[in-house]
Amino acid sequence: MTIKDIAKESGYGVGTVSRVLNNSPGVSEKARKRILEVVEKYHFRLNNAAKLLKQHSNKDVAIIVKGSKNMLFAALLETLQRQIKESGYASVIYYITEDEHEVEQAIQVSIERAPLGILFLGSNKENFRELFAHVDIPCVLVTNSADDMEFENLSSVAVDDCQAAFSAIEYLISLGHEKIGVLGGEMQHSNPAKSRYKGCLEAFEKHGIGFCAETQFANSYFTVEGGYDAMTELLNKSKDLTAVFAMSDVTAIGAIRAAKDKGYRVPEDISVIGYDGIEMGQYMVPKLTTISQPGEQIAQMCIALLLQAIGREKTAVRMTVPFELIVGESTVKIRK
């Protein structure tokens, strides 16, 4: 039994359930009574939350990871866990799928585990606008910006995804490419994907190059399999592409395999540029051209911000770090 289950059975939202479990004001007596009936029915606080809270060491930092196949997140996690341990704390990791609600997960973790703070790897801002007011501990978005949100306990460290994607498209245009495809993330669940798509459109507009989303865009999770399927779809509906921008390196890796399986040479027939700068991309054949995020720096800054905020009154800090275009072997100047 989780607070999601309680919300579903009681007919009230997760935020309302959270307020009742935390004995907070702002809940009608009708709602409070109904929710407590469900809580009592399943002995939720006695058997779940209370037991965990008794065992709690007050040294936990929770990390909520959205998507289990993101190689950038895997590299970031290694640094985050090391930094947390060296700072005298313990890390507890929760994996959810890309279409699950990370703030609902955070509310549940806060009730059941009472961590000192939470790091989010992968996030949808709409989910935060909807429910984050019910999270009252320090939190940091890792690789996603909280600039347009006003929560005082929500910091962030990220590159400018819009400008970075703009640079990727502009680089392809500088090589003479005009028929450019885009392999995107699930934009309804990923704000970085939305920002990167916006950057692509701005680059096409600046250079007067047409872009038809129906034929030049394919949706994909940030996975190798997703990249393979999306590239296959893209090449089936648009056979005159000379270049493709993939919104993550793992997507680009799958895309290159799909292109080869359909008889295309990379980069001779079609150039591919990725995004993230994961280590594997530099050992591929061809070596991947990519927009690189400074993962080590991002992880260290996120931990520093979170630990500074734990136990103190501190306004949220939103930091932007620089990206870098790394030119590999997967892109080439187009032959006229």
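Taken over segment 175-223, the criterion of being touching a Gly at 6+ places or on another chain (Cβ under 9 Å), modelled with pLDDT of 95 or more and among the β-branched types (Val, Ile, Thr) is satisfied by THR215 alone.
Just to verify a result, which residue in segment 308-318, among those that are open to solvent by 40 Å² or more (accessible area, probe 1.4 Å) and touching a residue at least 40 places away in the same chain (Cβ under 8 Å), is nearest to ASP161 (Cα to Cα)? This residue is ARG318.
Comparison of ALA106, ALA49 shows that the only residue that is within 26 Å of SER123 (Cα to Cα), outside any loop (DSSP other than H, G, I, E, B) and modelled with pLDDT of 90 or more is ALA106. Set side by side, the residues LEU201, LEU175, LEU183 differ, and just one is under 20 Å from ALA213 (Cα atoms) and open to solvent by 20 Å² or more (accessible area, probe 1.4 Å), which is LEU201.
Residues that are under 15 Å from VAL65 (Cβ atoms) and among the aliphatic types (A, V, I, L, M) number at least 2 in the following strands (runs of 3 or more DSSP E) confined to segment 114-167: 117-121, 139-142. Inspect segment 77-94 for any residue being over 27 Å from GLN308 (Cβ atoms), open to solvent by 10 Å² or more (accessible area, probe 1.4 Å) and in contact with a helix residue (DSSP H, G or I) (Cβ under 9 Å, 6 or more places away or on another chain) and give the result as yes or no. No, segment 77-94 contains no residue that is over 27 Å from GLN308 (Cβ atoms), open to solvent by 10 Å² or more (accessible area, probe 1.4 Å) and in contact with a helix residue (DSSP H, G or I) (Cβ under 9 Å, 6 or more places away or on another chain). Quick one: how many residues across segment 278-298 are open to solvent by less than 10 Å² (accessible area, probe 1.4 Å) and hydroxyl-bearing (Ser, Thr, Tyr)? Selection size over segment 278-298: 2.
For segment 270-277, check the following and say yes or no: at least one residue is open to solvent by less than 10 Å² (accessible area, probe 1.4 Å), in contact (Cβ under 8 Å) with a residue 24 or more places away in the chain and touching a His at 6+ places or on another chain (Cβ under 8 Å). Among the residues of segment 270-277, at least one is open to solvent by less than 10 Å² (accessible area, probe 1.4 Å), in contact (Cβ under 8 Å) with a residue 24 or more places away in the chain and touching a His at 6+ places or on another chain (Cβ under 8 Å), which makes the answer yes. For segment 143-172, filtered to residues that are aromatic (Phe, Trp, Tyr) and open to solvent by 30 Å² or more (accessible area, probe 1.4 Å), the residue that is farthest from the chain's Cα centre (by Cα) is TYR171. Determine the pairs where a residue that is basic (Lys, Arg), located within segment 103-116, has a partner that is open to solvent by 10 Å² or more (accessible area, probe 1.4 Å) with Cβ atoms under 6 Å apart, the partner being 6 or more residues away or on another chain. Note: pairs meeting the criteria are ARG113/LEU52.
Residues that are open to solvent by 10 Å² or more (accessible area, probe 1.4 Å) and small (Gly, Ala, Ser) within segment 108-137 comprise SER110, ALA114, GLY122, ALA133, listed in sequence order. Note on segment 267-283: residues that are closer than 13 Å to THR331 by Cα, out of contact with any helix residue (DSSP H, G or I) (no Cβ under 6 Å at 6 or more places or on another chain) and part of a loop (DSSP other than H, G, I, E, B) amount to 3. The residue of segment 232-260 that is farthest from ALA74 (Cα to Cα), among those that are β-branched (Val, Ile, Thr) and open to solvent by less than 10 Å² (accessible area, probe 1.4 Å), is VAL244.
The values are calculated or read from the model by the stated rules, or taken from the named source; none is laboratory data. Given the structure is predicted, the values throughout are model-derived calculations rather than measurements. Here the Cβ is made from the backbone with ideal geometry for all residues, glycine too, and neighbour counts use every protein chain on show. Surface accessibility is based on the protein's heavy atoms, side chains included, excluding ligands, DNA and RNA. Shrake-Rupley method; radii C 1.70, N 1.55, O 1.52, S 1.80 Å.
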